[in-house]
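A.B. asks: The structure is given below, and queries will be raised subsequently.
Each reported figure results from applying straightforward, stated rules to the coordinates on display, with no laboratory input. All of these numbers come straight from a predicted model, not from anything done at the bench. A quick note on method: Cβ atoms are made from the backbone with ideal geometry, for glycine too, and the neighbour counts reach across all protein chains shown.
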Amino acid sequence: MTRLLVLCMLDAKPMAGYDIQQALRMTDAERWGGVLIGSIYHALKKLEKDGYIAIDKVEQTGHRQKFTYRITVEGKEHLKDLIREALTSSSVQYPSSLYAGISFFDKLPAEEARQALKEQQVLLEEEYQSVQDGWKEKEAALDGNIPPMVQMVFDNMFAIISQQQDFVRKALAYLEQSNN
């Protein structure tokens, strides 16, 4: 995913690694794209080695050099391949650790299991709030002109979190019922 996002950014315009990091950080790519912001420089080196990007210019800033990269013709083709791959690979990810915990909740005292699920509720609420904050920032940055596909991505993220919240509520209700 990192390679895809870096190539997309460079397809828009030549950029330095730091600028790519900042743009991805601003869009919260770690959350929605599974990208570790710190891995950008490694991806740039690999993409350059593979011929998908090239150095556009070098600037001297104090004792450091700042490299600005551009996408190559080969990089544009590779970008299309990565987009195809992203669109066709399975995107379903189950909350496997939560499922495992739910499956064996009876190994814990009921109150401890209940408290753990309450903590899960707090985490899910924080996640929902973070996505909502990101939505508001995106909306403000684009003056309310959210592209339809971006709207659909956010709608899907909200639906996934809401569904998980509902699942945890039902699990808590079951615990309460079976405890009585």
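A.B. asks: Once fully extended, how much extra length lies between Ser39 and Thr68, figured as 0.36 nm per residue of separation less the alpha-carbon to alpha-carbon distance?
C.D. replies: 8.8 nm
A.B. asks: Cross-link list Lys66/Lys138; Lys13/Lys46; Lys80/Lys138; Lys13/Lys49; Lys57/Lys80; Lys57/Lys136: which exceed 30 angstrom alpha carbon to alpha carbon?
C.D. replies: Lys57/Lys136
A.B. asks: Taking 22 Å as R0, compute the FRET efficiency from the Cβ-Cβ separation of Ile160 and Gln115 and round it to 0.05.
C.D. replies: Efficiency for this residue pair is about 0.35.
A.B. asks: Given a cut-off of under 8 Å on Cα pairs at least six residues apart, what relative contact order in percent is computed for region 1-135?
C.D. replies: 24
A.B. asks: Using a 10 Å cut-off around each Cβ, can you sort Val73, Val35 from fewest to most neighbouring Cβ atoms?
C.D. replies: Ordered by Cβ neighbours within 10 Å, fewest first: Val73, Val35.
A.B. asks: Just rank Arg84, Arg64, fewest to most, by other beta-carbon atoms within 10 angstrom.
C.D. replies: So the ranking, lowest neighbour count to highest, is Arg64, Arg84.
A.B. asks: Treating only the Cβ of Lys, Arg, Asp and Glu as charged (+1, +1, -1, -1), what charge dipole size does the chain show about its Cα centre? Round to the nearest 20 debye.
C.D. replies: Working: 21 positive and 26 negative charges, 130 e Å.
Dipole of the chain, to the nearest 20 debye: 620 debye.
A.B. asks: Would you report the distance distribution of C-alpha pairs in the chain as whole percents per 5 angstrom bin, up to the bin with the largest distance?
C.D. replies: Histogram of Cα-Cα distances, whole percents per bin: 1, 7, 12, 14, 14, 12, 11, 9, 7, 5, 3, 2, 1, 0, 0.
A.B. asks: Explain nothing, just compute: Karplus ³J(HN,Hα) = 6.51 cos²θ - 1.76 cosθ + 1.60, θ = phi - 60°, for every residue of region 76-84 in order, whole Hz, x for Gly and Pro.
C.D. replies: 5, 5, 4, 4, 4, 4, 5, 5, 4
A.B. asks: Sketch the reach of a paramagnetic label on Lys13 as a point 7 Å from Cα along Cα-to-Cβ, and name the residues of region 36-65 whose backbone nitrogen lies under 16 Å away.
C.D. replies: 56-57
A.B. asks: Let me ask you something else. With a 10 Å cut-off between alpha carbons and a GNM built on the chain, which of Val153, Val168, Val92 moves the most?
C.D. replies: With Cα springs under 10 Å in the chain, the top fluctuation among Val153, Val168, Val92 is at Val92.
A.B. asks: Another one. According to a simple spin-label model (label point 7 Å from Cα along Cα-to-Cβ), what is the distance in nm between Ser103 and Glu139?
C.D. replies: Output for this residue pair reads 4.0 nm.
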